[in-house]
Each structure stands twice: as C-alpha cells, then as structure tokens.
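Below is one structure, written out as structure tokens, with a few remarks after it.
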Amino acid sequence: MYNKLSYWGILLILLFATIANSQTLTLKGTVTNSETTLPLPNCNIFIEQLDIGTITNANGFYLIENLNENNLSISASFVGFKTVTEKINLENNFNLNFELHPEDILLSETIVKASRAELRETPIAFSEKSNRDVERELGSQDVPHILQSTPSIFISQQGGGTGDLRMNMRGFEHTHFAVMINGIPINNPENGEVYWSNWSGISDVVENIQVQRGLTANPYSSTAVGGLVNIQTVGVNSNNNFVKVRSEIGADNFRKFSVAFNNHIIPGKFAITGLLSKKTWDGYADQTPLSEYTYYLGVGGIFGNHSLELQAIGSPQEHGQRMTLQSISTWEQRGKRYNADWGFLQGEPLNIRDNEYHNPTINLNHNWQINGNLLMSNLLYFVPGKGGGTVPPWVAFGITVDGQIDFDKEYQHNSNNIDSAFSSTLNKTENALRFFDHTHQWFGFLSTMKYSTNYSTFTFGIDYRYYKANNNQRVSNLLGGDYTIGWAGFDNMNEYPLYEGDKIDFDADSFAKHFGGFIQYEFNNKLYSFYINTTLSHTSYNRIDYFNYVINDPNRETGWENFLGYSLKSGLNHNFNLHNNIYLNFGIISKPPLAYNVFDFSNKKFNNVTNEDVLSVELGYGFNKNNFLLNINTFYTIWKNKAFNKTQQDWTTGQFFFYNISGADSRHMGLELESKYIINTNFSAIGMLSISENIFTSNAITAKSPEDNPTNVEYSTSYVNDTFLPRFPMTTANLAFVYSRKVNSNLSVFVKPEVNYIANQYAQFDFTAREDQNEEGVNSWKLPNYSIANFHFGIEYSFNNLFINNIDLTFNLFNAFNNNSYIIDAIDGTDHSKQNALVWYGRERWWNISIAISF
C-alpha cells in the first residue's frame, strides 16, 4: 500500500506543479496542393516533440491550441503527396502554411503498409510506439516490453533469460496472434511460437510498432484471432543522411555498442541503410549470460515507376536460461536470483538449459506504379534458421547444499561405472545431457494489386509460404562417462550404447505449406470509412520420423494432412466531425490447427483435430481535439475448438512435459481505454486502462507426454469449464506524465515517470490434474496484484554547423521503488494456494544508460 501511494503521490505532485506554471500559445495555418493551389482537407498535422496532431478541415485549415514556448518540428502528410516537415521556434502565436507536392510512387509503399491501421479511418482498436519511444524508454529490455503500457497487453519475462519471454493479448497467447516484421510473419508454422531471443537485437532498427487488438487490418489469410503486432524497421526511405554511434551500459554488467548509418547516394532515388551492434550481459538470474550480435542492411531505390528494396537482418546469439520455477519458500531461502538449472563441473559452471540460434531474414520489396490508380506490391522472403539448446536428462540430478546441481558427484560416479552387460572397459553414464537441434528453411511470397479511385480502393492478393524443419536431440555431454544407454528408436525392445553426437529421443522433419488469397473493398470519403475483407487458405502439414521407423515402414511419413481456412471481416467508421468518431467491426474466422496440434512425436494424428472457429464483435469511440485524445472500445469474442500446445513443469517432480490441448471453448470480453491530455507544450499526461473477463466455456481434451520420452502420449479429459483463462491479468493500467522542454536553442530535456498496475491474473494449471469433475468451475490460485514504477530521463544537445549533429543521453530506472515481492508467473499447486504454487518473481530494480552521437 505504501508503494502504491508513493507512486501516485509523486506523479500528482508533478502534475499540479506543472499546471501552475503553464501558459498557452496557438499554432494555425492552411495546407494546399502545390500544383492546383487548392486546399487539402483531412491532411494530417503532427508535432513530433509532443506526439500530438490534428487534421485540416474542408478548407485545408488547422488549429492547435494550448501550446507554449518551445522549438517544434511540425509535419504535414497526405496520401499521394510528399510529407513536409518544418521546424519553428514557438515564442508567440504562429501561422504556418504548407504546400504539398504530389508524387506518383513512394519507396515506403510496401506490403507492410497494407497491414497498418490509420486513426479515424480503420475501424479497429490499435496503439503505436515510435522509434523515439523505443530509444527513450526501452533501455536494456527486449522489444516487446515497450508495449507493456498498451491496453490488454501483458509481457512476462518468466525465468529472465534474454528473449525467453511470453506475450499475451486479450487473453490470447502469442501462438494465436500474428507477429510481423516488415510484413513477414515470424510465428513458427509448427507451433505458433515467437522466439524473441532470435529478435532481441531488433530494437536497434525499429522504426515503429503498431499493435492491433482483436480483428486486424492485415488483409492476408493469416487468420490471427487475438490481434497483430506489426514491427517496421528503418529503411532506405529515411529522409536524412546520418551516422549514429551508440554506447549503453546497465545493471548486471550490461554492455552494448552499435553503429548505424543512412546515405542517400542519389537523393530521392537510391539509398543504403545499415547497422551493426554487439551486446553482452551477465543476466540478472544466476548463470544466464548473453552474447549477441545484430546486423541490418537495406539497399534500394526508385527506378522509373518501380521501386526495389533489399533488406537483411539477423541476431546470432547464445544465452543461458532459467527454466525451473520454485515455490515461494524456496525463493525466500535461496534468493530471487537463484537458478536451479546449473552447477559446477570441475570448477567451471555448466548449464542444463541454454540456447544458441541464428535466424536471419532476407526480403525483397518491389512496387510497380502501373498508372495513377493501379499499384502492384510484392514481397519475397527467405528465413533460414539454425541452432538449439541444452536440455536435461530423464531424471533429476542431485543437488549441493547451495541448491546447485552436483555435477562433480555425477562425474565421479560416471567415470568409474563399468557395466559388463555393455562393455568391460568403458564407463557408463547414467544421466547424460542432450542438445536439441533445430534447423529450418522458410520461404514466402506475398503479392497485392491495389486499384484506387477518389473514394474507393479495391485490393486483392495472394500469399504463399513453405516451411521445412528438422528437430532432433543428440547426446551432448557424458559427464565423465564414455557412453550412455538409450533405445535406438525403431528398435524399442532393446537398449544400446550411445555416444556423444548420437541421436536420442527423436529425429524428424516437419513440413508446412500455406497458400491463401484475399479480396478487399474499402470506401473512405473522410466522413465514412468502410471495409469488407474475405480470405480463403489451404494449409498442409507432413512429418517424416527418422527415429521411430525404418525406411520401408509406411508409418515413417504421415502424408500431407490438409485444412481449409477462411475469414470474413468488416468494419465501419463514422467521423461525426473533426473531433468525434465511432466505429464497429465484426468477423468470423475458421483457423486451421497448428502442426503441433495435428501430429504427435510418433507420427500419430491427435484425436479430434479440427479447425478453430472464432466470432468477434467490437465497438469503439474516439475523441481528438488539440490537447486531449481519448480512445475507448469494448469487445466480445467467442473461440470454439481452441487448440494449443505448451511445455510445462510438473509441480511434484519438476519434470517438464509436452501438452496438447484441444476442444476447449472460451469467451473473451472487455473494455479498453487510452487517453492523452496535453497540459501545455512541455507537459502531458498519458493513461491506459483495460478490464476483461476471459473464461473457459467447455472442458478440454489433453494429450500429455514427457519431455524425455515424447512418444509416450496419454489422453485425459480436463475439467476446465467455467474457470478463468490463466496467465493473463484481466485488469491492467498505466499512468505516465511526460515533461519535455527546450532549455535553449541547443539543449532539450525529457522526463517520464510511469506506473504500471497488474491485477486479476490466475496461475497456469496442469490440465491433466483436472481429471476430477469436481475441479470444474474451480479457479487456479490468483496471483497478488502489484504496481511497478519506471523512470525515464533524457538530454539532447544539438550542435550548430559542426561535424557532430547532436548527442543524446538517456537514463532509465526500472522498478524504481524496488518492489521485490511481485510475482509475474505461476503454476498452480494441488490445493490452489500460494503455499503449493511454483512461481517466477519479477526483476528487482535495475538501470540503463545510453549515449548516442549523430554525425
């Protein structure tokens, strides 16, 4: 209670102090077409420093009030015209007029644009974060954490390893909403997962992030049911030439260094953009170090009525992990940084959980402006991936008095363990470490044809992707012995000696093919905007098992299993005037299951495999007038035949199991609100609130198999009906105050304190532990509510007519009041109480400092 009062008290003091010193000025003007001199109505006017804007009226006039003295950058943008940005020193009421020049083709008009929502036009709920937000507030966190202040979004760092986070939107885990980078879907086609450790370095090149909740503006046949996270990186369409060098340090020996550049070799025609960075970190949990490189290169230009851009991005990394949850009493005994997944072997630390991977993405964007009304856009991409990680053996190791794995004891036993049944001279290892190998090749193609008239746009397109992956485990560390014992897959009656490098547990190729198309019609006369979209897709899966079956066994390959998916989405937005709008959308989706929900690890098809069906309706209202912005919406979603998979720790044994859950129905409904109040040019208040109820409306079928023997599948009925969906807080809120001021012509400062509030989250439960019908309607343990305060501070110093353009210094303090008792994740125990729950605690206070020099 004390911490909460402290958070809110400090923020309110800042509010009242600033209001007392506020003064107001006015900015106004007109926007015209440079060729016709006619006014441009509904043109976007935006002030970068304040993150506010307005639109012009029918006469091309705009007015922004309640400003005060400051140096501002004001931009005017309109579809089909080049954006113009003017810098002014606002000391008195100011009149600023714009003339916009038409252009026939834009390098930035790529596939990713087709998935972006526009304020007061696109009838969906969405939020945005800019490159400026990322640079000022992300610090040393992974990219998704910048979205924590948006409605109905929750990010859990889980064990704390880099990128080992999970993300949830409106109660949907990220396996059931789409994540795209530059228009490329990055959800794994096998299980829908997004492995953020492969993208942890992408923060260096993020241009903007748009989160679309519920039905999305994505026209393609992705059939995402929870929403869309649309990440766009910097490209050669950036307006300025620059070189930027950035250095960062932070808590727990965090170090990062990066160099970025953009050069218009032929102004307006050809440019190149690049970045290279290196990041290291000891990790805040014991033995979770990180070593990572990130690279990015974009080359492109405009060639007549065509534009081309080639992009390549990757983040090869390796990091230690902490995967084993503990009871509250164990955390109290061992400390919050305790990691049970490592120990010393002959004086050197050794992890039983780590990860190394490189997942580069190469894409080619092409646009063809066929004529003034017809535009063709194409995107071709290739994503090869290779890596894996260490996993433990079938049984638990012994531990030392310090709670770490006693590898020396294992080594001593294995190095003197003759088993004459297998060898009279070689020592047998009882418990060998394994390494999980994953490689994939992923190809994709998206193409659209867009025909635009004055008020209408007709668009149709196709998307295709082909995915092939190999997943296997091999013996990686014999811990003092010469061999270990395992069965050789197809000969499951006998055990054989296995040596380092030999395959163990499984070895299979997985295939996924997807082909889809869409047709979309849009109408927009700025008073009404309407769209209707329909998609049809064909998805196929195949699996070849090299481990369990000999070459001529007909069960070795499953053959292609085919699914037909479709969707119908529509929405209407009405702008009553320049300040008020209301929208409505609805949609039905029939979504094919993921590959992991079709076949098990022995090529057998799971029971009750069918499409998932979704019905969604949403109503929203927006108000936008000079110094106040409000967006509020309510949603209602029914999800039938829900299927998902997860890897989860067993409460009693600590062993990990694979779960495939199918046939569950759920209902998601709630209210979301975002607001911003511009008190004056220097000071603004930002707020967010989301309240939802996400509940199972039927029981489910669960297939459970141990991580060490995944072919051993057991089915059961899970009585989850009338229980809240776990792992998502159904109440979230954020309040922040932003103070920015131009101290003089060279120096600017930025301060942003914020508070996040998380409530009404329930622990994940073992679905197979709910085989008793009496469990129906009984909720898992409810995690304690909590608040976390963060503090962001920045200084920018600009140089006049020097080699250096500006220097930016940023300081971030996370969990500023050092709340050391908040629980971010949990697994339910046998009696649904905290005494029997396994939990993850959130990170204690930490900091990050960065300095960037632009030339």
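The values are calculated or read from the model by the stated rules, or taken from the named source; none is laboratory data. The model shown is predicted, which means the values in this text are computed figures rather than measured ones. Neighbour counts are summed over all protein chains in view; Cβ atoms, including those assigned to glycine, are modelled from backbone coordinates with ideal geometry. Areas reflect the complete protein model, heavy atoms only, side chains present, ligands, DNA and RNA absent. Shrake-Rupley method; radii C 1.70, N 1.55, O 1.52, S 1.80 Å.
Given the structure, is K336 basic (K, R), in contact with a His (Cβ under 9 Å, 6 or more places away or on another chain) and surrounded by fewer than 20 Cβ atoms within 10 Å (Cβ to Cβ)?
Values: basic (K, R): yes; in contact with a His (Cβ under 9 Å, 6 or more places away or on another chain): no; surrounded by fewer than 20 Cβ atoms within 10 Å (Cβ to Cβ): yes.
Answer is no for this residue.
Just to confirm my filter: which strands (runs of 3 or more DSSP E) fall fully inside segment 760-834 and include at least 1 residues that are crowded, with 17+ Cβ neighbours inside 10 Å and of a type in the set (F, W, Y)? It would help to see each step written out before you state the result.
Details: elements: 786-798, 806-814, 823-827.
Answer list for segment 760-834: 786-798, 806-814.
Residue-wise test of (1) modelled with pLDDT of 95 or more; (2) of a type outside the set (S, T, N, Q).
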site: M669; (1), (2): yes, yes
site: N680; (1), (2): no, no
site: G687; (1), (2): yes, yes
site: N694; (1), (2): yes, no
site: A700; (1), (2): no, yes
site: A703; (1), (2): no, yes
site: P706; (1), (2): no, yes
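Hey, any hits in segment 452-470 for a residue that's open to solvent by less than 80 Å² (accessible area, probe 1.4 Å), of a type in the set (G, A, S), in contact with a His (Cβ under 8 Å, 6 or more places away or on another chain) and assigned to a strand (DSSP E or B)?
Narrowing segment 452-470 to residues open to solvent by less than 80 Å² (accessible area, probe 1.4 Å): 452-453, 456-457, 459, 461-463, 465-470.
Then keep just the ones that are of a type in the set (G, A, S); that gives 452, 456, 461, 469.
Those still in the list that are in contact with a His (Cβ under 8 Å, 6 or more places away or on another chain) too: 469.
Imposing the further condition that a residue be assigned to a strand (DSSP E or B) reduces the set to 469.
Among the residues of segment 452-470, at least one is open to solvent by less than 80 Å² (accessible area, probe 1.4 Å), of a type in the set (G, A, S), in contact with a His (Cβ under 8 Å, 6 or more places away or on another chain) and assigned to a strand (DSSP E or B), which makes the answer yes.
Of all residues in segment 318-333, which are closer than 30 Å to Q232 by Cα and either touching a Cys at 6+ places or on another chain (Cβ under 9 Å) or surrounded by 21 or more Cβ atoms within 10 Å (Cβ to Cβ) (or both)?
Taking segment 318-333 as the starting set, the residues that turn out to be closer than 30 Å to Q232 by Cα are 318-321.
The answer is H319, G320, Q321.
For segment 98-132, what are the residues that are of a type in the set (D, E, K, R), at pLDDT 75 or above and either in contact with a helix residue (DSSP H, G or I) (Cβ under 6 Å, 6 or more places away or on another chain) or open to solvent by 50 Å² or more (accessible area, probe 1.4 Å) (or both)? It would help to see each step written out before you state the result.
Applying the first criterion (of a type in the set (D, E, K, R)) to segment 98-132 yields 99, 103-104, 109, 113, 116, 118, 120-121, 128-129, 132.
If we keep only those that are at pLDDT 75 or above too, we end up with 99, 116, 118, 120-121, 128-129, 132.
Result: E99, E118, E121, E128, K129, R132.
Taking E65 as the residue in question, decide whether it is more than 22 Å from S456 (Cα to Cα), part of a loop (DSSP other than H, G, I, E, B) and open to solvent by 30 Å² or more (accessible area, probe 1.4 Å). Before you say what the answer is, go through the steps one by one.
On the way: more than 22 Å from S456 (Cα to Cα): yes; part of a loop (DSSP other than H, G, I, E, B): no; open to solvent by 30 Å² or more (accessible area, probe 1.4 Å): yes.
Considered against the rule, which asks whether it is more than 22 Å from S456 (Cα to Cα), part of a loop (DSSP other than H, G, I, E, B) and open to solvent by 30 Å² or more (accessible area, probe 1.4 Å), E65 comes out as no.
So F515 passes all but one of these: (1) closer than 24 Å to Y549 by Cβ; (2) surrounded by 15 or more Cβ atoms within 10 Å (Cβ to Cβ). Which condition number does it fail?
(1)
Starting from segment 668-689, take each residue that is within 12 Å of N633 (Cα to Cα) and list its partners that are buried (at least 17 other Cβ atoms within 10 Å of the Cβ) and among the aromatic types (F, W, Y), counting only C-beta distances under 7 angstrom and pairs at least six apart or across chains.
M669/F635; G670/F635
Within segment 397-412, how many residues turn out to be crowded, with 17+ Cβ neighbours inside 10 Å and touching a strand residue (DSSP E or B) at 6+ places or on another chain (Cβ under 7 Å)?
To start, the set of residues in segment 397-412 that are crowded, with 17+ Cβ neighbours inside 10 Å comprises 397, 404-407, 410-411.
Now narrow it down to the ones that are touching a strand residue (DSSP E or B) at 6+ places or on another chain (Cβ under 7 Å): 397, 404-407, 411.
Summing the residues that are crowded, with 17+ Cβ neighbours inside 10 Å and touching a strand residue (DSSP E or B) at 6+ places or on another chain (Cβ under 7 Å) in segment 397-412 gives 6.
Are there any pairs with C-beta distances below 6 angstrom linking a residue in segment 561-574 that is within 30 Å of K604 (Cβ to Cβ) and in a strand (DSSP E or B) to a residue that is aliphatic (A, V, I, L, M) and open to solvent by 50 Å² or more (accessible area, probe 1.4 Å), with the two at least 6 apart or on different chains, and if so which?
Taking only residues 6 or more apart or on different chains, the pairs are Y566/L536.
Restricting attention to segment 248-282, which residues are open to solvent by 60 Å² or more (accessible area, probe 1.4 Å), modelled with pLDDT of 95 or more and not in a strand (DSSP E or B)?
The answer is N253, D282.
One residue is enough: does segment 711-725 have a residue meeting the conditions in a strand (DSSP E or B), touching a Phe, Trp or Tyr at 6+ places or on another chain (Cβ under 6 Å) and more than 25 Å from G171 (Cα to Cα)? Lay out the reasoning, then the answer.
Narrowing segment 711-725 to residues in a strand (DSSP E or B): 714-718, 724.
With touching a Phe, Trp or Tyr at 6+ places or on another chain (Cβ under 6 Å) added as a condition, the list becomes 718, 724.
Adding the requirement that they be more than 25 Å from G171 (Cα to Cα) leaves none.
Taking every residue of segment 711-725 in turn, none turns out to be in a strand (DSSP E or B), touching a Phe, Trp or Tyr at 6+ places or on another chain (Cβ under 6 Å) and more than 25 Å from G171 (Cα to Cα).
Being among the basic types (K, R) and over 10 Å from the mean Cα position of the chain (by Cα) is the filter here, so list the residues in segment 161-185 that pass it.
Looking only at segment 161-185, we keep the residues that are among the basic types (K, R), and these are 166, 170.
R170 - this is the single residue of segment 161-185 that is among the basic types (K, R) and over 10 Å from the mean Cα position of the chain (by Cα).
Restricting segment 278-315 to residues that are β-branched (V, I, T) and over 22 Å from the mean Cα position of the chain (by Cα), which is nearest to L345 (Cα to Cα)? I'd like the intermediate steps shown before the answer.
Let us first name the residues in segment 278-315 that are β-branched (V, I, T), namely 280, 288, 294, 299, 302, 313.
Add one more test, that the residue is over 22 Å from the mean Cα position of the chain (by Cα), and what stays is 299, 302.
Values: V299: 48, I302: 59 Å.
Per the stated criteria, the residue is V299.
Of all residues in segment 172-187 being touching a Lys or Arg at 6+ places or on another chain (Cβ under 9 Å) and part of a loop (DSSP other than H, G, I, E, B), which is farthest from L446 (Cα to Cα)? Break it down into steps so the answer makes sense when it comes.
Filtering segment 172-187 down to residues touching a Lys or Arg at 6+ places or on another chain (Cβ under 9 Å) leaves 173-177, 183, 185.
If we keep only those that are part of a loop (DSSP other than H, G, I, E, B) too, we end up with 177, 183.
Details: F177: 19, G183: 9 Å.
Looking at the filtered set, the residue picked out is F177.
Take T390 and tell me if it is crowded, with 20+ Cβ neighbours inside 10 Å, among the β-branched types (V, I, T) and under 20 Å from D354 (Cβ atoms).
Working: crowded, with 20+ Cβ neighbours inside 10 Å: yes; among the β-branched types (V, I, T): yes; under 20 Å from D354 (Cβ atoms): yes.
Here the answer is yes, as T390 does meet what is asked.
Kindly establish whether N494 is open to solvent by 20 Å² or more (accessible area, probe 1.4 Å), outside any helix (DSSP H, G or I) and among the polar types (S, T, N, Q). Talk me through it step by step, then tell me what you get.
Values: open to solvent by 20 Å² or more (accessible area, probe 1.4 Å): yes; outside any helix (DSSP H, G or I): yes; among the polar types (S, T, N, Q): yes.
Considered against the rule, which asks whether it is open to solvent by 20 Å² or more (accessible area, probe 1.4 Å), outside any helix (DSSP H, G or I) and among the polar types (S, T, N, Q), N494 comes out as yes.
So, in segment 351-390, how many residues would count as being over 23 Å from L297 (Cα atoms) and in contact with a Pro (Cβ under 7 Å, 6 or more places away or on another chain)?
Just the residues of segment 351-390 that are over 23 Å from L297 (Cα atoms), to begin with: 351-355, 369-376, 388-390.
Next cut, in contact with a Pro (Cβ under 7 Å, 6 or more places away or on another chain) only: 352.
Looking only at that region, the number is 1.
Here is a list: N525, N548. Which entry is touching a Phe, Trp or Tyr at 6+ places or on another chain (Cβ under 9 Å), under 30 Å from E65 (Cα atoms) and open to solvent by 20 Å² or more (accessible area, probe 1.4 Å)? Walk me through how you get there before you give the answer.
Details: N548 fails: under 30 Å from E65 (Cα atoms).
One residue alone meets the criteria, N525.
From I155, I209, I202, grab the single residue that is open to solvent by less than 20 Å² (accessible area, probe 1.4 Å), without any contact (Cβ under 8 Å) to a residue 60 or more places away in the chain and not in a loop (DSSP other than H, G, I, E, B). If you could, list the steps in order and put the result at the bottom.
Values: I209 fails: without any contact (Cβ under 8 Å) to a residue 60 or more places away in the chain; I202 fails: without any contact (Cβ under 8 Å) to a residue 60 or more places away in the chain.
Only one candidate passes the filter, namely I155.
Against the condition under 30 Å from E796 (Cβ atoms) and open to solvent by 20 Å² or more (accessible area, probe 1.4 Å), how does V755 come out, does it pass? It would help to see each step written out before you state the result.
Values: under 30 Å from E796 (Cβ atoms): yes; open to solvent by 20 Å² or more (accessible area, probe 1.4 Å): no.
So V755 does not fit the description; no.
Has segment 796-810 got at least one residue that is without any contact (Cβ under 8 Å) to a residue 40 or more places away in the chain and under 27 Å from S745 (Cβ atoms)?
Yes; the residues of segment 796-810 include at least one that is without any contact (Cβ under 8 Å) to a residue 40 or more places away in the chain and under 27 Å from S745 (Cβ atoms).
Out of the residues in segment 607-625 that are surrounded by fewer than 18 Cβ atoms within 10 Å (Cβ to Cβ) and in contact with a His (Cβ under 9 Å, 6 or more places away or on another chain), state the one that is farthest from I679 (Cα to Cα).
Filtering segment 607-625 for residues that are surrounded by fewer than 18 Cβ atoms within 10 Å (Cβ to Cβ) and in contact with a His (Cβ under 9 Å, 6 or more places away or on another chain), the one farthest from I679 (Cα to Cα) comes out as F623.
Please count how many residues of segment 344-371 are of a type in the set (D, E, K, R) and either surrounded by 18 or more Cβ atoms within 10 Å (Cβ to Cβ) or touching a helix residue (DSSP H, G or I) at 6+ places or on another chain (Cβ under 8 Å) (or both). Quick ask: steps written out before the conclusion?
Taking segment 344-371 and keeping what is of a type in the set (D, E, K, R), we get 348, 353-354, 356.
Now narrow it down to the ones that are either surrounded by 18 or more Cβ atoms within 10 Å (Cβ to Cβ) or touching a helix residue (DSSP H, G or I) at 6+ places or on another chain (Cβ under 8 Å) (or both): 353-354.
Number satisfying all stated conditions: 2.
Here is a list: T534, T484. Which entry is β-branched (V, I, T), out of contact with any Cys (no Cβ under 8 Å at 6 or more places or on another chain), open to solvent by less than 50 Å² (accessible area, probe 1.4 Å) and in a strand (DSSP E or B)?
On inspection, the qualifying residue turns out to be T484.
Restricting to segment 283-302, and then to whatever is among the aromatic types (F, W, Y) and either closer than 30 Å to E844 by Cβ or touching a residue at least 24 places away in the same chain (Cβ under 8 Å) (or both), can you tell me which residue is surrounded by the most Cβ atoms within 10 Å (Cβ to Cβ)?
First, the residues of segment 283-302 that are among the aromatic types (F, W, Y): 284, 293, 295-296.
Subsequent filtering for residues that are either closer than 30 Å to E844 by Cβ or touching a residue at least 24 places away in the same chain (Cβ under 8 Å) (or both) retains 284, 293, 296.
On the way: Y284: 19, Y293: 14, Y296: 24.
By that ranking, first place goes to Y296.
Looking at (1) surrounded by fewer than 19 Cβ atoms within 10 Å (Cβ to Cβ); (2) over 30 Å from S415 (Cβ atoms); (3) touching a strand residue (DSSP E or B) at 6+ places or on another chain (Cβ under 8 Å), can you tell me which one S315 breaks?
(1)
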